[in-house]
Amino acid sequence: MEPNQHPASRVSIVVVGATYAAQGFGFALMVTSFPAMKLRFDLSDSLVSVLLLSVAITAAVGSILANYVSVRQNSKTAMLLGLGCQVLGLAVIGSGLPLPFYVVGVVVYGVGLGAVDAAAAMQGVLAQRGRERPLLGRFFAVNTLASITATLLMAAVLGVGMSASFALLVAAGVDVLVIFGGSRMLLPEHASRSTSTRVRAEPLPLRPILIFGTLIFAAFTADSAVSSWSSVYLGSDLGVSPAMAPLGYGVYLVFVLLSRVGVDYLSRRIRGSTLALAALALGTIGCAAVALLPSFAGAMIGFALIGTVAGSLVPITFTAVGRALPARSDELVARVNLFNYAGGIVGAVLTGLVGDGLGLGLAFLLPLVVLALAAPAALALGRSVPVPRRAPVGITAETGDRVPRD
């Protein structure tokens with residue numbers, strides 16, 4: 001039987017969603033633990049930037065590794081490998097060992113982060129294929145809901161005087177559970193018809209990579225600026241208490257969640273390019289609010305608006321990736337996903353370096369410029385993918401087969 005001839009089962013879709021949840025849960029605990037680790041190891045903002053840079057670089061390596069494994073095995077194998085690296089990295093980071101071990105743990109976690117990022121997008125595209133309604137928005141919404149839960153957990157742990165290491169070990173335990181379920185129920189198919197054809201395939205066309213990559217770069221520049229520096233900005237620059245500082249990231253995640261919950265619905269009624277442009281506009285206004293309104297209220301408003309761009313732009317883009325080259329979507333996903341980490345470097349590392357000189361508030365002008373410059377790519381989005389023809393309810397437009405409702 002040809003791969004992906006029938007839509008994925010509901011159980012497999014739930015397990016794919018669990019991988020998104022584990023990814024969001026672990027990453028949110030990592031980034032909200034940085035202020036506590038900064039105090040524990042007496043790190044400067046510049047040293048924190050170096051650690052964030054190492055995460056971005058090793059995550060890019062992990063994404064490349066996921067592409068290699070998915071072509072020769074499948075994205076399920078790449079997912080399990082990435083989750084295993086995350087378990088090891090989180091266990092080392094949460095063990096309370098000295099700084100050199102902490103750095104090693106961050107590097108290993110970064111490899112797992114990138115591998116799971118890429119493999120989750122591959123699995124999401126496979127799960128969505130052949131179904132009547134989009135799924136990626138809901139998958140990313142699950143990721144965000146888990147991130148919000150993790151943010152509240154970290155705030156509670158720090159609020160009662162416990163170590164951030166405890167929360168990181170909880171994240172490692174969650175990954176172990178997902179590995180167990182994923183080893184049995186993740187989707188084993190390849191996106192293409194033949195593994196050998198994938199290995200011998202011609203180079204991917206550059207234009208869709210650049211268009212989709214630009215949008216992912218912009219989304220994750222804004223995302224990484226908020227996830228990496230919102231807690232530090234509120235705590236160090238605005239003097240918010242340690243227990244309240246993670247809530248800036250929490251407000252951001254709430255609006256990421258709201259936009260991701262709605263994007264599957266909206267994408268069936270509004271062109272993807274229109275949605276992408278609206279998201280970029282709101283994100284630009286949000287960055288301006290953080291930079292020009294140096295107050296707790298200004299920061300909360302700004303982080304909320306920035307949340308709409310990362311929340312909607314990522315699922316919109318990866319849905320387009322899955323439609324652009326269906327027979328090679330795994331490879332295209334892996335290439336486009338690399339722009340995630342370029343955005344991480346600009347949003348997290350360069351924002352921190354600019355913040356050292358100008359203050360973290362004004363440093364949010366950097367993601368503002370990136371979002372504004374991504375507008376041409378959003379306009380080109382509608383011309384980069386075929387528009388699926390409409391089909392009767394319960395019938396897939398691609399094959400004419402009857403499919404289950406979501």
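Of all residues being closer than 25 Å to S147 by Cβ and modelled with pLDDT under 85 in the range 199-231, which is farthest from the chain's Cα centre (by Cα)? Just the residue, please. Among those residues, the one meeting the criterion is S231. Residues in the range 61-78 that are within 14 Å of E331 (Cβ to Cβ) and either among the basic types (K, R) or in a helix (DSSP H, G or I) (or both): 12 in all.
So for the range 46-60 (the condition being outside any helix (DSSP H, G or I), of a type in the set (S, T, N, Q) and more than 17 Å from S147 (Cα to Cα)), does at least one residue qualify? It would help to see each step written out before you state the result.
Filtering the range 46-60 for residues outside any helix (DSSP H, G or I) gives none.
Within the range 46-60, none of the residues are outside any helix (DSSP H, G or I), of a type in the set (S, T, N, Q) and more than 17 Å from S147 (Cα to Cα).
Cβ separations smaller than 6 Å between residues 6+ apart or across chains give the following pairs from the range 356-381 residues that are farther than 15 Å from G213 by Cβ to residues that are of a type outside the set (A, V, I, L, M) and not in a helix (DSSP H, G or I): G361/P294. Screening V92, V107, V61, V87 for residues that are touching a helix residue (DSSP H, G or I) at 6+ places or on another chain (Cβ under 7 Å), closer than 17 Å to T19 by Cα and not acidic (D, E) leaves exactly one candidate, V87.
Among what's in the range 244-282 and is among the hydroxyl-bearing types (S, T, Y) and in contact with a Phe, Trp or Tyr (Cβ under 8 Å, 6 or more places away or on another chain), pick the residue that is nearest to L153 (Cα to Cα). So that I can check it myself, show each step before the final result.
Step one: filter the range 244-282 for residues among the hydroxyl-bearing types (S, T, Y), giving 249, 252, 259, 265, 267, 273-274.
Applying the additional criterion that residues be in contact with a Phe, Trp or Tyr (Cβ under 8 Å, 6 or more places away or on another chain) yields 249, 252.
Values: Y249: 13, Y252: 16 Å.
So the residue we want is Y249.
Which fully enclosed helices (runs of 4 or more DSSP H) of the range 339-406 have 2 or more residues being at pLDDT 80 or above and closer than 18 Å to V309 by Cβ?
Details: elements: 351-358, 360-363, 365-373, 375-380.
In the range 339-406, 365-373, 375-380 are the helices (runs of 4 or more DSSP H) which contain 2 or more residues that are at pLDDT 80 or above and closer than 18 Å to V309 by Cβ.
Hey, could you check the range 244-287 for residues that are more than 20 Å from L371 (Cα to Cα) and outside any helix (DSSP H, G or I) and say which is nearest to the chain's Cα centre (by Cα)? Among residues in the range 244-287 that are more than 20 Å from L371 (Cα to Cα) and outside any helix (DSSP H, G or I), the one nearest to the chain's Cα centre (by Cα) is P246.
In the range 28-37, of all residues being modelled with pLDDT of 80 or more and surrounded by fewer than 24 Cβ atoms within 10 Å (Cβ to Cβ), the one that is nearest to G235 (Cα to Cα) corresponds to A36.
Taken together, S63, S75, S70, S49 contain a single residue that is under 23 Å from the mean Cα position of the chain (by Cα), polar (S, T, N, Q), under 27 Å from V157 (Cα atoms) and surrounded by 16 or more Cβ atoms within 10 Å (Cβ to Cβ), which is S49.
Taking the condition assigned to a helix (DSSP H, G or I), touching a residue at least 60 places away in the same chain (Cβ under 8 Å) and of a type outside the set (S, T, Y), does G124 pass?
Numbers: assigned to a helix (DSSP H, G or I): yes; touching a residue at least 60 places away in the same chain (Cβ under 8 Å): yes; of a type outside the set (S, T, Y): yes.
So G124 passes the test.
The values are calculated or read from the model by the stated rules, or taken from the named source; none is laboratory data. Since we're looking at a predicted model, the values are computed, not measured. Positions of Cβ are generated from backbone atoms using ideal geometry, with glycine treated the same way; all protein chains shown enter the neighbour counts.
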